[in-house]
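Taking it in order: structure first as structure tokens, then the write-up.
Every read-out reported here was derived from the displayed coordinates using simple, explicitly stated rules and does not represent laboratory data. Everything quoted here is computed from the prediction, not taken from an experiment. Quick reminder, even Gly has a Cβ in these numbers, built from the backbone with ideal geometry, and neighbours come from all protein chains shown.
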Amino acid sequence: MNFDLSEEQQVIKDLALQIFAGQATVERVKAVEKSDGFDREMWEQLANSGIQALCVPEEFGGSGFGAVELALALMGQGRHVAPVPLWLSGVAALALADFGSPAQQAAHLPGIATAETVVAIALAEQGANDVMNPTVIGTTAGGRVRIEGFKPAVPFAQHATLALVPVMLDGAPQVALVDPHAAGVTLSPVATTNREPQAHMEMNLDIPVDSILGHGAGIDGREALRSLYEHSLASLAAIQVGVAEGSLALTASHLSGRTQFGKPLSAFQATTQRAADGYITTEAMRVTALNAAWRLSEGFDARRDVAVAAYWASEGAQQVVTAAQHLHGGIGADIDYPVHRYFLWGIQLASVLGSASAHLSRLGNLIART
Amino acid sequence: MNFDLSEEQQVIKDLALQIFAGQATVERVKAVEKSDGFDREMWEQLANSGIQALCVPEEFGGSGFGAVELALALMGQGRHVAPVPLWLSGVAALALADFGSPAQQAAHLPGIATAETVVAIALAEQGANDVMNPTVIGTTAGGRVRIEGFKPAVPFAQHATLALVPVMLDGAPQVALVDPHAAGVTLSPVATTNREPQAHMEMNLDIPVDSILGHGAGIDGREALRSLYEHSLASLAAIQVGVAEGSLALTASHLSGRTQFGKPLSAFQATTQRAADGYITTEAMRVTALNAAWRLSEGFDARRDVAVAAYWASEGAQQVVTAAQHLHGGIGADIDYPVHRYFLWGIQLASVLGSASAHLSRLGNLIART
Amino acid sequence: MHIGDTPEEAAYRAEARAWLEAHATRKSDAHPGDSVDHTRDLAGHVQACRDWQRVLFDHGWAGITWPAQYGGKGASAIQAAIFNEEMAQFDVAVGTFAVSIGMVGPTLIAHGTPEQQHKHLAPILKGEEVWCQLFSEPGSGSDLASLGTRAVRDGDDWVVNGQKVWTSLGQYADYAILLARTDGDQPKHAGITYFILDMKSPGIEVRPITQITGVQHFNETFLTDVRIPNANVVGGPNEGWKVAQTTLANERNFIGSGGSWSASDLVDLAQRRGCAHDPHVRQRLAEAISRQETLKYLGFRMRTAMSQRRMPGPEMLTLKLAFANHWRLSAETAIGILGADAMLWGDDAADENQWGQHLLSQFAIRIGGGTDEIQHNIIAERGLGLPREPMPDKDLPWRSLNRVG
Amino acid sequence: MHIGDTPEEAAYRAEARAWLEAHATRKSDAHPGDSVDHTRDLAGHVQACRDWQRVLFDHGWAGITWPAQYGGKGASAIQAAIFNEEMAQFDVAVGTFAVSIGMVGPTLIAHGTPEQQHKHLAPILKGEEVWCQLFSEPGSGSDLASLGTRAVRDGDDWVVNGQKVWTSLGQYADYAILLARTDGDQPKHAGITYFILDMKSPGIEVRPITQITGVQHFNETFLTDVRIPNANVVGGPNEGWKVAQTTLANERNFIGSGGSWSASDLVDLAQRRGCAHDPHVRQRLAEAISRQETLKYLGFRMRTAMSQRRMPGPEMLTLKLAFANHWRLSAETAIGILGADAMLWGDDAADENQWGQHLLSQFAIRIGGGTDEIQHNIIAERGLGLPREPMPDKDLPWRSLNRVG
């Protein structure tokens, strides 16, 4: 039993944090928000240090790490609200490594490792958002698959060269590998709360049958989708840990620096108790997110662990960023000051993750079954 | 639109508070807890001032007031956690006045007015606690009614001379007037959290058919039971307002009086912000309880109003008394200090009222229907 | 106690409703809110507010609670509330006059000179004067009395230098109420003067702040050698703190009784999104209803007091906090109902992005008129009788304080 | 990172389990908890704890983390946790030695003289010495360092006078750890000495306090001219505050990792009461599971640090607060499930009144080892790097302080 990071993990964590701290300056992030929302210069820097390659197996040019190492890198991203599609690359690498056919691995993993491939994952559904029951329909006919359906708000879809799309293929869930710029895919970019580039994806196209994840490799499509979903939740939870941390760091510096009634704000317990609550919540987020990532990386049943981490990541982060925003007073509302960005990320990621209530319901179902 | 009390209402409120403040001293309450839990001396004093007679119509020796005036008196009781069965008398008077047959009114109301009659109301059910669907079964046969069933934890049953018992009479809900000491009724006194005298009531007896509330007067039994239930909830909510108020008053005096780190506890915002939260919650409890009582007293549909008041009374009071108890630190745990009594009352009354969640569910059903 | 319209009040309500039906369009799916959306066209919204205020004035519905001698109707707070409740169901533009009518008017009525009252009160009611509030400064925050904008007497004028922030609609305002330091040797509360400032005076620069909501409702205002005639002092030199209290109390009451959206909008949203029968969503809706009912009765109680010309007591302070809390929780409930759609913003968001705007607006509500924390302190003191929090700097000369710019 | 037993740990766990199976009875419906219930027979419970501790010692399971030179096993915090996890599934009595083993032992190991260590450590492990803690006073509360019990040097002895409160199991204790003021001219933290007190000394009067739970676990202790040999000073005269920190840190860690009941008890309760499928109850159960998982991993992290002989850092302070919070919320959930039955108490209550006891026990947990508020302050300071709260009295001579009690 050891909750400490290994030396390798510590190095990855420090390296990622260092890149994000150096690259994701407030000025840069602000400039990227005003352009297309994707910091390609930072993306390059990350690639130079092998961050996108973390979870790509060694034979395809990566380091062969797993969900824990990805989570550590993502915490650094969240800490600096850096606008790059890192979790998408990481989760796609793991999905291809675990479930992809040899041909699919050879086709996609090297590009992910070099960061030339930019990935979108179309998890969200309209309405009930039941990821395990995709509303996009796939129909096999003569070696090809007809894909029809709509996916709202797909992160980075307009920048992606590869989209992972859950589909109900002839009645069973599968993951399709789709070129988001292929004919038959209509992308409608949408404005989002935290300025992340997203697009609605309307699909009406044929793809080869070997574009279904794991085609011919004898995999269980439902398990592949579940794994994709659980790794996505664990990764988003890791980003949220960083977001919560970052918002608290700004808050601590605001409270220490600003004087009111002849004392620093930090001398008023009403502010410090609230900030301390945020710290406690962040630690709960951190240990549950690390545990979920670890269980996934070991290949254990992680349904309960992922649900717990996702619950904290959704509920906890909202609490922390709301408190941080409030504790900044008027200055928090001014978008020239960076704290609002943490609020927007925290809220946005909670929406991507799914509501705390939904995760509790999943957990409740798991409890009832045991 | 006027939220102010009338002069008469103000007099009633002041009078009741004065009696409770004078009679329900910490020493007296402590002594009563150690004996049978019913302060008969205080009961006499209240009777001398006509408090039990408040809701009895004038022709039966009362003052003919309604739910608002009863609520004002009960707030005073809660404020001093006075161990007397006042809400039971008040609610029974209103039920008899509104739904009783002339014979029932003549038989019971004068005794309630003089306080010789002590009332129990057997609302609680085991398990789901659905008051409107009583599990006690009544069967009419030849001018008599056979009553069979069990009622848990009936407040003041062992002291009562009249018990109002919801029954499912030949398939429809009704309220039966039962002598709790009659043959066929087995009372098993039970210990309770706040030391209130209660007894389980096992019933297996015949009563005359004219002991069904409103017999021969053409009333709707379901409406009579609903009214009894709603007046009970509104009355308990009023007591909770007083309990919350009282626990905050003790807390304020503790925070002002105790010195730590060279300052009174009240100089620490961590304590004062928490106490202020309690004040806000108490005001929410107060206005919703008064509104529910007023709607009932006007004979309006008060389902939504009572559910809202009961929600606050259950959820809000628990928050307030828990905060008050905690803010007292170690001294709160010592039963020689009075604050624990407010905690126990708050928790106990919340259980009598039914859970906050149950009231929200009722409210949710009302919303869905509109 | 009578929780509902008396016959007289019902008649007044009917009269108001009839007049509104004749002069405005009832809100509907086609007209969901302000016909000129302030989040999209702030200038157009301000003009629409001016126009509607003129209509109100011309038909005798302006300044309902103001005494008749100042052009008002001398009616009760309850009548004003009735009119506002009815008006909230119509698609009319009103927000711009919150400061002018809600805060400046009552302050001038209480503390202004006859000349000041004569000059401004009627134009305000007619929609001719939009006012803004130059109180907050970058370094002052909750500690408003620490403000450092200086005003120095020079002949018949005062010369003002300094910087203000969070100026609502400063870029559209005709006049401002301004707090400035006129004696730095006094303790901080004692050296402040309250001025009327003509926003067309030379030396004023207004710079919009882009808020988290994307709107430019607020501004920074820079004052450089701005001259104000001495006749524009309200309440006497160095007496400004007391005058400001009237303004701030009205601001709190205004915020606490504000908000034109209700829990039924949430119920409606849940129904449209097909999740009104989800037990967890249902529970949140019921909580929202419970909170809203509480606000309603807290509001009734406040208006009862105001109608009796009693100052709202400590129990009224709860209203603003309860309102801010309701706002936050309801917005969070809406976001939960929207699910993944809550990620969308602006034109792409559901329901014209009103839920996203609500979520972000919570912070302004929780700060305006005094932060949540300050309100809690006041409640602890006035509601629970706890001793006032010791403020070590309150008797020191302002000049000696360790301030941050 | 490895969140789960290594092969070595699994072997240790199997060994522990096998030994426990051979020497104790596994909990079951017939043996739900401590066979001698401390809420009903406190004296019997204390004796049962002594007996079981002796069994542990005789079989080499006492003082798992203590160094071998003091009679311990020199094993890691993780091994101790594994043993305790397994032991929690058996019907054995353990609570009485919380102070002796959890706090006194580590303090004497860190700060005691060789003679003190020799005299007490082995007897503690053998279950021969029950200790209590004489720290709190009626007037001190969270401000422990303000304590006023005086100890005056007289030849080879110190003479102690004063009053202590919240003495756990004082009426059964053989020894106490005592904090007393030995120099009133120093600032409050600097004039305190830490003593070992033989509870059989003349002049000690222990008066039980009836708690809100109905139990007399705590006492008031009156000390009148009690003599303590100078050899019983731990860590030197006026050095007591530092020594006490070791005791208090161990108390916090003990409370935070405590609690032998789990969220599955709640699930079980809901199932027995037929409401496990109520969606609202289900949601509360899922929250309880989430909180408990968090405690589990916070605990893993703390034990990892302790196994590496690192002092638990600020992130560990969260454990006690999270634990107290979980305790409170879970008890409230249970009360909600019980419905009207929650009104019953004592023998009439469901499940031997464990839920009522849990509800009331929250307050002791939220105070012991430092109140919630104090913990928050420490977290703000050490976890977030906020400046320490100014304490105006910390450098003043204790004698000059305005104390109560």
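Worth pointing out:
- If R0 is 56 Å, the Cβ-Cβ spacing of residue D:85 and residue B:139 corresponds to a FRET efficiency of close to 0.50.
- Just checking the listed ones, D:107, D:182, D:210: in the Gaussian network model of chain D with Cα springs under 10 Å, the one fluctuating most is D:210.
- Nearest-first distances (nm) between copies at residue D:150, label 7 Å from Cα via Cβ: 5.7
- Extents of region C:257-370, taken as max minus min of Cα coordinates on every principal axis and listed largest first, are 48, 28, 17 Å.
- FRET E, pair residue A:34, residue C:185, Förster distance 30 Å, beta-carbon r, rounded to 0.05: 0.05
- D:76, D:201 arranged by Cβ crowding within 10 Å, fewest neighbours leading: D:201, D:76
- Checking the Cα-Cα distances for C:73/C:119; D:200/D:320; D:164/D:242; B:30/D:164; A:34/C:164; B:13/B:34 against a 22 Å cut-off, the pairs over it are D:200/D:320; B:30/D:164; A:34/C:164; B:13/B:34.
- Between region A:88-153 and region B:87-160, the C-alpha centres lie 66 angstrom from each other.
- Between helix D:42-58 and chain D: long-axis angle, C-alpha atoms, 0 to 90°, nearest 10: 90
- For chain C, relative contact order (Cα pairs under 8 Å, six or more residues apart, normalised by length) works out to 14 percent.
- For the rotation that carries chain A onto chain B, the axis lies closest to a Cβ at A:269, 2, where the number is the distance in whole Å.
- Take each residue of peptide A:2-9, count the partner chain Cβ atoms within 10 Å of its Cβ, and average: the result is 5.
- Over region C:7-93, the alpha carbon radius of gyration divided by the compact-protein estimate 2.2 N^0.38 Å works out to 1.14.
- Using C-alpha pairs below 8 Å separated by at least 6 residues, the relative contact order for region C:7-93 is 42 percent.
- Region A:121-211: proportion of alpha-carbon pairs further apart than 22 angstrom, %: 21
- Spacing of the two label points (7 Å from each Cα toward its C-beta) at residue A:263 and residue D:153, in nm: 3.9
- Of D:54, D:207, D:310, the residue with the greatest mean-square motion in the GNM of chain D, using alpha carbon springs below 10 Å, is D:310.
- Extreme residue, positive dipole direction of chain B, given options B:203, B:23, B:60 (C-beta unit charges): B:23
- From the C-alpha gyration tensor of region B:253-303, square roots of 5λ in Å: 39, 9, 5
- Here B:261, D:222 are placed in order of increasing Cβ neighbour count within 10 Å, fewest first, which gives D:222, B:261.
- For region C:132-238, fraction of C-alpha pairs farther apart than 20 Å, in %: 34
- Region A:162-192 and region D:226-300 have their alpha-carbon centroids 48 Å apart.
- With respect to the axis relating copies C and D by rotation, the chain C residue whose beta carbon is closest, plus that distance in Å, is C:279, 2.
- Take each residue of peptide B:348-356, count the partner chain Cβ atoms within 10 Å of its Cβ, and average: the result is 5.
- Here region A:148-296 was treated as a single set of alpha-carbon atoms; its pair distances binned every 10 Å from 0 give 10, 26, 25, 19, 12, 7, 2, 0 percent.
- Space enclosed by the convex hull of the alpha-carbon atoms of region D:120-176, per residue, Å³: 113
- GluC sites (Glu not before Pro) within region D:87-166, DSSP loop, no more than 12 other Cβ atoms inside 10 Å: none
- Protection proxy ranking, peptides B:206-214, A:342-350, average beta carbon neighbours within 10 Å, highest first: A:342-350, B:206-214
- Kirkwood hydrodynamic radius of region D:1-154, from inverse mean 1/r over distinct Cα pairs, in Å: 17.5
- Gain upon complete extension [residue C:394, residue C:352; 0.36 nm per residue less C-alpha separation]: 10.4 nm
- Across the identical copies, how the residue B:9 labels are spaced - nm, sorted shortest first, 7 Å along Cα→Cβ: 6.3
- D_trans [Stokes-Einstein, Kirkwood Rh over alpha-carbon pairs] for region B:221-368, 37 °C, 0.692 mPa s, µm² s⁻¹: 206
- For D:140, B:188, order by how many other beta-carbon atoms lie within 10 Å, fewest first: B:188, D:140
- Dimensionless Rg ratio for region D:183-329, taking C-alpha atoms and the 2.2 N^0.38 Å reference: 1.47
- Here the alpha carbons of chain C define both size measures, Rg and Dmax, at 21.8, 71 Å.
- Other-copy label distances relative to residue D:329, 7 angstrom Cα-Cβ extension, nm: 1.6
- Semi-axes of the equivalent ellipsoid for the protein assembly as shown, Cα gyration tensor, largest first, Å: 48, 47, 38
- Across all Cα pairs in region A:7-117, the calculated P(r) in 5 Å bins from zero up to the longest distance comes to 2, 14, 24, 23, 17, 11, 6, 2, 0 percent per bin.
- Dividing the mean sequence gap of close Cα pairs (under 8 Å, 6+ apart) by how many residues region D:262-405 holds gives a relative contact order of 21 percent.
- Three semi-axes of the equivalent ellipsoid, chain A, Cα gyration tensor, whole Å, largest first: 35, 21, 20
- Of the DSSP H helices in chain A, those whose Cα atoms cover at least 27 Å axially and whose Kyte score averages -1.0 or more: A:221-257, A:269-298
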